[in-house]
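Colleague: Sharing a structure below in structure tokens format, with a few things to ask.
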Amino acid sequence: MSDDIARLSEELARDPASLAFLELAETLRKRGDLEVAEKVAVRGLERHPHLGTGHDVLARIYADTGVFEKAFDEWGMVLRLSPGHPGALKGLGFVCFHQGRMAEAETWLSQAAEVDPADQRNLGALAYVRQQLADSEPAASTVAAAASPSGPPAAAHDARSLFHDILGAEQGMALLLDEHGLVLAGGHEVDGRDVGQEVGAQLGGVSDEAERAMRHLGLGGWTSIVFETSQATVAMSPGPERSLMLVSAGKATPVGFVRRMLERSLQRATTFLAGSA
Amino acid sequence: MKNSPFADLLGALVRQRGVTAAMVVSEADGLIVDAQVSIGMRGEVVAALSASLYRRARLAAQAAGYGETTVLQLEAEQGRICAVGKNDLVLVAVTELGSNIGLVRMEMLKGLQGGALG
């Protein structure tokens, strides 16, 4: 990755009007150098203000930085330049979700699903958002489902119950999170309320953060994180497509068994994300 | 020069086989409060990651209704990071894969229960 950055930086130095800024900014973003990535993207857009891909990259950088208002504006710009851009539609849905604007999130993610119906991660996120809407407004949801030609969101139920048989009698939690902490599958109820997204919000970006730190420390890739609480043992591991798999069980459950549950859940998640579940 | 209140605890940890770093970090900002670190180990990276992971785990556990977080352990291909926390402080140990993590963990919990972190 360092070689790529050096090569792209040289290319940009040779030709400041080069589109190499796109790849350079994205590479820097993935590496976590968000401040530099932002500078590169902004400078590039000064020369190419009507380049939708450039605004998309800048929006991702803002989203990773947590500046959701700016991310929203940039993705809005992408849609003006490239109507139907799936990345922008998903991005806008993501921002709305993080801001608690579930109905708007559902609208954006639905549009993304129409443009790219094979994107399983988007479908998982959409299913989760729909489930949240259904949980918070059961009456309105019933009306909407009845009015919808596609019927109720069956996929939401499938995603939520994806790990039920693995958890079995453990009464624990199983969540598959994307790199931003959005729930792709699974759930966890406390007092009848699904708190999966609240758990996910705290853990969004953990995988990237651990990966970067391990690289700096020369410890190789991270394979698992286990934390124990007064009531439970929670185990996490990196999943496919930068996702994070998390399972938990009561304090009485041996840690080795929790790890076994994690491995089985990860296999299930891999199949789910591949779209063959 | 006066020893820090954590010197004995950190000393006991780094004397364990395979422990390459031991430190107390602030959970809020990931800054090192005190550390005993092997040459070449990037203590500030360990501190920042450990504090962030521990804070995230603690908040996630609260959201899940699981009570207080006690121990966190990260496993990587070539080592482990173990952390216990209390009162906005996190006690961290970095170990090689071949270390006896059970002993390290016991030493850390002993320090925690003994009031080393307040």
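The values are calculated or read from the model by the stated rules, or taken from the named source; none is laboratory data. This one's a predicted model, so the numbers in the text were calculated from it and none came from an experiment. All Cβ positions, glycine included, derive from the backbone under ideal geometry; neighbour counts span all protein chains shown.
Colleague: Right, B:L97: in a loop (DSSP other than H, G, I, E, B) and either closer than 20 Å to A:L217 by Cα or among the acidic types (D, E) (or both) or not?
Modeller: yes
Colleague: So, A:E198, is that one within 8 Å of chain B (Cβ to nearest Cβ) and either of a type in the set (K, R) or under 14 Å from the mean Cα position of the chain (by Cα) (or both) or not?
Modeller: Spelling it out, A:E198 is indeed within 8 Å of chain B (Cβ to nearest Cβ) and either of a type in the set (K, R) or under 14 Å from the mean Cα position of the chain (by Cα) (or both).
Colleague: While we're looking at this one, here's another question. Which residues, counting only those in segment A:204-218, are out of contact with any Leu (no Cβ under 7 Å at 6 or more places or on another chain), within 9 Å of chain B (Cβ to nearest Cβ) and assigned to a helix (DSSP H, G or I)?
Modeller: Within segment A:204-218, A:R212, A:M214, A:H216, A:L217 qualify.
Colleague: To continue, here is another question. May I ask you to verify whether A:T233 is at the interface with chain B (Cβ under 8 Å from one of its Cβ atoms) and hydroxyl-bearing (S, T, Y)?
Modeller: It is false that A:T233 is at the interface with chain B (Cβ under 8 Å from one of its Cβ atoms) and hydroxyl-bearing (S, T, Y).
Colleague: So A:L273 passes all but one of these: (1) surrounded by 20 or more Cβ atoms within 10 Å (Cβ to Cβ); (2) within 14 Å of chain B (Cβ to nearest Cβ). Which condition number does it fail?
Modeller: (2)
Colleague: Give me a count of the residues in segment B:25-52 that are in contact with a helix residue (DSSP H, G or I) (Cβ under 7 Å, 6 or more places away or on another chain) and buried (at least 24 other Cβ atoms within 10 Å of the Cβ).
Modeller: Going through segment B:25-52 one residue at a time, the tally reaches 3.
Colleague: Here's another thing I want to ask about it. Any idea how many residues of segment A:74-101 are touching a residue at least 12 places away in the same chain (Cβ under 8 Å) and more than 22 Å from A:L203 (Cα to Cα)?
Modeller: Residues meeting the conditions: 14.
Colleague: Now, a different point. Touching a strand residue (DSSP E or B) at 6+ places or on another chain (Cβ under 6 Å), more than 10 Å from chain A (Cβ to nearest Cβ), at pLDDT below 90 and buried (at least 19 other Cβ atoms within 10 Å of the Cβ): does that describe B:L89?
Modeller: no
Colleague: Looking at segment B:36-71, which of its residues are assigned to a helix (DSSP H, G or I), aliphatic (A, V, I, L, M) and either under 12 Å from the mean Cα position of the chain (by Cα) or more than 7 Å from chain A (Cβ to nearest Cβ) (or both)?
Modeller: B:V46, B:A47, B:A48, B:L49, B:A51, B:L53
Colleague: Still on this structure, I have one more. Checking A:L246 against (1) facing another protein chain (nearest Cβ under 9 Å); (2) assigned to a loop (DSSP other than H, G, I, E, B); (3) of a type in the set (A, V, I, L, M, F, W, C): exactly one of these is not met. Which one?
Modeller: The single condition A:L246 does not satisfy is (2).
Colleague: For residues that are at positive phi and under 21 Å from the mean Cα position of the chain (by Cα), tally how many sit in segment A:201-243.
Modeller: 3
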